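Working notes, beginning with the structure itself.
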Amino acid sequence: MKILTCLLLLFVCQHAFAQQGDKRVLIFEDNFKRPQRAVAFVMLSPGKKNIAGITDTAGRFLLPDTIHAPLTLQLKDTAFTCRYCTVAADKPETRIVIIPGSTQQLKEVSITAAATYTKGDAAKITMDLTKIPEARFWTIAAALKNIPGVEVDANGNITYAGKPVALKHNGYTSVVFSKMLSDNIHQQPALKYTGITLQLHDLKTEKPTLNFEQVLPADKSIYGNINTYVSTVSGGADGSITARTGKHTISAMGGYSRRYTPEKVMTGNTHYDTSAIVLTRETRTTGTARITPFISISDNYRINDRHFLNAEFSWNASDDHKNEEAVTRIRHQDVLLKSVTATRRTDMPFADNNNLNTRLAYIWKIPAKIPGTRRRLDISAEYVSIGTGLENSLVSAVDQGKEVPADNYRQRKKERGKDVYAYACYAYENKRVGAFDIAAKYFYRTYEERQETDFSLHPQEPELLQSTAVYHYGALLASLEKKFGSSFSARAVLKGDYNYNGFKHLPDRYFRSFFVSPYLSLYYQLPNKGTLRLESEYSQQRPPLHALVNVPMIFNNGYAVKEGNPDLRPSGTFSVNAGYAVPWKKLRFNLDASYRRISNDIGVYTYARDSVTVVSYRNLQAVNGYYTRGMLSDIPLAWKLKAGISGWVEYYRYHVRQDYNTNGFSRGASLSLTCMINAQWRLMVSGSYDKRIGFQHTSPDYFSSNINAVYAKGKWMCSLTGSNLHQPWLEQRSSSNGEGYYALSADRYRNFDCRLSLSYTFGKNTTFTDKGKYAEKNDLGSLSR
C-alpha cells in the first residue's frame, strides 16, 4: 500500500511539473539577479478580470492561461520605484522575465512607468541602485546626476544646489575615499554600491553630504569588484573586497592610476595700466605625468546586538612631473626691453604629496523602554594628515635686457596640515514625537608652510620663509525632524560654534569668534507623486588656513606672485534653495533654483603691483548670486531611443568696494540620446555647452561631446567611450580683468580621448534593504533613518 501511494504521488508531481512547463512564470529580480520574494501586485489584463498575485520565496509567480502580455501590473510593494507598470513583450528589459517552466528564458519583457529613481524627506534623498534597471549601465557620475540638485563636472567635482558636497563611505568621512572617487568617478560602475544617500545637512560635515553604501557580502562569504581602464591619456586599476567572518566585516580598497597630459601651447599678453608695460609670454608644456596609488582597510566589529566598533586606515599619494619651455618678452610703448627664454621643471614627489586618515568609532544602540522609540550614541575620533610639496627649477637665457635673480632659481615648497578630530552624537527617535539629534564636535588643526628659494646668480644662503597657523574649533548642534502624515516633513538644525585662529610667527595676530547658524528644510510630496523641497540657511565660513599663511611664491621669472592674506575675515552666507521633481508618464522633470547673499566673501583676488601680477585672497564687501537648473529625462522617441535635455543659468553680482563692482553671468545646456539595443547593450550620445563669466575671469564658449557604448551581462560590465571626437584639437581664448591690469590668453591642446573600461563583480552579497543584516549590523556610520 505504501509503495502504491508513493507511485501515485510521483505521478501527480510529474504531471504537475509537466503542466507548469507549458505555462508562463513571472520572475521578479533586481540588478544582481536576486529574487524578490513576497512582492504583491494586481494584474490588469485588457478585457479580463483583475487578478491579484504575490511572488513566492524564489521571486516567482505562475501566470494563469487567461493572462497574456501586454498586461499592466499594479505593484503593492512600496519598495519598488515604479508601482504602476506595463509588461510589454516588445521592449527588452531584465527586471521581469517570462519563462517556460523555471529554467530557460522564453521572452524578455519590460516594465514601463513613470520613473522615480529617488525617495526623500526633509533630511535626505535616497537612491536604491538595486531597484533601478538602468543602473547596471551607469557610472557613479551618471548615477549622481539623477539625484535632484546634484551636478558633476568633467573634473569630478560634485555640487548640490551650487554648494560643495562632502563624501562619506558607509557613513564615515575619509580623505582618501574622497580623492579616489573624484579621480575615478567617470570610470567606476555605479553598482559597486547598493545605494547613495544625500544628507541635505549632515551634522558631522555641516554641509550637504553624499553617503555611498558599499555592497556587502552575505554571512561567511566575500564580495568585491575589480575595475580597470585604459585611455589615450590615462590608465589604471582599482578594486574592493569585503569579507564577513563571524562578528567582523573587513573591507579593503586599493588602486593605482597614471595620467599623462598631452602637450599644451599657451600664448598670452598682459597689459599693466600704470606702467604701460606689455608682457608677452609663449609657453609650451610637455612631459606632464601623474601617478596616484591609494589603499584603505577597515573593520566593522559587532560586539553584540547593541555595541559596535569601527576602525579604518587609509593612505594615498601622488607623484607629478611637468616640463615647461617659455619665451617672455617685455615691451614699453612697442620698445622691446627684455627677452628671456626659460626652461622650468616641476616635481611633486610621493614623499611630500600624501594623505593619511585613521579613525576609531563606537556605536551603542541604547535600549528603549517606550514602544516605537529608538536611541543611539555615536562616538568617533580621527586623525588626518594632508601634505603637498613641489620643487621648481628655472634656468633662463636672457637674450636682451638685464638679468635678475628670479631668472635662475631653485624653489622647494612644502605644506602640511594635521587634524585631530572628535565627534559625539546622541539620537532619539519616536514615531509620534519625531527624530531628535544632539551632537558635539571639536577639532584642532595645524597648517605649516615652508619655502626655500636658492637664487643661483647670487651666491648666498637660500631664502627661507616659514609660517604656521593653528585652528581650534568647537561646536554644539541640535536637529529636530518631524513627519506630518505621509506627505509632509520638516527639519530644523541649530548650531553654535566657537573658534580660535593664531599664527606662531605672528603672536600678536589672532582671531576669535562665536557664531550661531540656523538651518530649515521642508519637504512635501504632491498627489501626482511629485515633490517640493525648500531649504534656507545662514552660516559662517572661516578663511582656509592656506589662504591666511603669507609665504609668497614666484612664477614666470618673477612676473607673477602668489601669496596669502593673514587679514582675512570670516564670511557670512544666507541661502535659499527650492527644488521641484515630478514623474510624468514615462518622463522625469526636475527644477532647482537658489539664491545666495554673501557678506565678506572670501575669494581669489588678482591685482598689479608695478609690473607684477599678484594672486592673493581678499574679502569682498558683498556677493549676490542666483542659480536655476532644469532637467527633462527619459523622453521617448522612435524605436528604442530616449532623450534627455537640461539647462542652467547662473548670475552673480560682485561688490568689491564702493568704486569697484562687476557681474558674472554663466550658462550651459546638454542633450543626450540613449538607445537600449537589447538587454545587454546600451548606446548613448551626448553633447553639452557652457560659458562661464566669473569674478575677474571670462572663459570661452566650450562644446563637448561623448559617445558611449556599454555592455552589461551578469557580473561583467564593459564600456567604450569617445570624448570630443568632433573637435580633436581645441584652441580656447579667455580673458582676465584684475585691478590695474588685463590679460588675454589663447590655449591650444589635444581635446579628444578614447577610453575602454572593464569591471567584474564577484562573490555573494546582501541587499540594500535587508533589515538586521546590512543597515542595522554593518552600516555603523549611518543612522537607520
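The values are calculated or read from the model by the stated rules, or taken from the named source; none is laboratory data. What you see is a predicted model, and the numbers here were worked out from it, not measured in a lab. Because the Cβ atoms are built from the backbone with ideal geometry, glycine has one as well, and the counts that use them run over all protein chains shown.
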### Task
Please verify whether the range 543-565 includes one or more residues that are free of Cβ contacts under 8 Å to residues at least 60 places away in the same chain, closer than 21 Å to Ala122 by Cβ and polar (S, T, N, Q).
no
### Query
Do the conditions hold for Thr613, that is, is it over 28 Å from the mean Cα position of the chain (by Cα) and of a type in the set (Val, Ile, Thr)?
yes
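Being farther than 15 Å from Lys145 by Cβ, in a strand (DSSP E or B) and at pLDDT 85 or above narrows it down to one of Ser633, Ser646, Ser666, Ser670, so name that one.
Just one listed residue meets the conditions, Ser666.
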### Output for the range 172-198, where each listed residue is small (Gly, Ala, Ser) and farther than 19 Å from Val150 by Cα
Ser174
### Query
What about Phe695, is it at pLDDT below 90 and among the hydrophobic types (A, V, I, L, M, F, W, C)?
yes
### Query
Is there any pair linking a residue in the range 312-336 that is without any contact (Cβ under 8 Å) to a residue 24 or more places away in the chain to one that is aromatic (Phe, Trp, Tyr), with Cβ under 7 Å and at least six apart or on different chains, and which?
none
### Query
How many residues are exposed (fewer than 15 other Cβ atoms within 10 Å of the Cβ) and more than 26 Å from Ser736 (Cα to Cα) if we restrict to the range 580-636?
3
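Part of a strand (DSSP E or B), surrounded by fewer than 16 Cβ atoms within 10 Å (Cβ to Cβ) and either of a type in the set (Gly, Ala, Ser) or under 25 Å from the mean Cα position of the chain (by Cα) (or both): is that true of Tyr651 in this structure?
Taking the combined requirement at face value, the residue satisfies it.
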#### Entry: Any hit, the range 414-425, residues being in contact (Cβ under 8 Å) with a residue 60 or more places away in the chain, over 27 Å from the mean Cα position of the chain (by Cα) and over 28 Å from Ala326 (Cα atoms)
no
#### Entry: Every pair of residues 6+ apart whose Cβ atoms lie under 6 Å, when the first sits in the range 569-583 and is under 16 Å from Tyr652 (Cβ atoms) while the second is surrounded by fewer than 19 Cβ atoms within 10 Å (Cβ to Cβ) and among the basic types (Lys, Arg)
Phe574/Arg597
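A quick yes/no check of all residues on (1) farther than 30 Å from Leu548 by Cβ; (2) without any contact (Cβ under 8 Å) to a residue 60 or more places away in the chain; (3) not small (Gly, Ala, Ser):
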site	(1), (2), (3)
Gly625	no, no, no
Leu641	yes, yes, yes
Gly644	yes, yes, no
Arg657	no, yes, yes
Ser670	yes, yes, no
### Query
How many residues, within the range 529-576, are charged (D, E, K, R) and over 19 Å from Phe514 (Cβ atoms)?
6
### Task
Would you please list the contacts, defined by Cβ atoms under 9 Å and residues six or more apart or on different chains, that run from a residue in the range 735-761 that is in the same structural domain as Val265 (by TED's automatic domain parsing) and farther than 30 Å from Lys713 by Cα to a residue that is acidic (Asp, Glu) and assigned to a strand (DSSP E or B)?
Ala746/Glu731; Asp747/Glu731; Arg748/Glu731; Tyr749/Glu731
### Task
Please specify each residue of the range 595-630 satisfying the condition of being at pLDDT 90 or above, touching a Lys or Arg at 6+ places or on another chain (Cβ under 8 Å) and among the polar types (S, T, N, Q).
Asn600, Ser616, Asn619, Asn624
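Does the range 238-259 include one or more residues that are in contact with a strand residue (DSSP E or B) (Cβ under 6 Å, 6 or more places away or on another chain), assigned to a loop (DSSP other than H, G, I, E, B) and over 30 Å from Phe515 (Cβ atoms)?
yes
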### Query
Can you pull out the residues in the range 260-272 that are part of a strand (DSSP E or B) and over 26 Å from the mean Cα position of the chain (by Cα)?
Lys264, Val265, Met266, Thr267, Gly268, Asn269, Thr270, His271, Tyr272
### In the range 318-358, the residues that are small (Gly, Ala, Ser) and crowded, with 20+ Cβ neighbours inside 10 Å
Ser318, Ala342
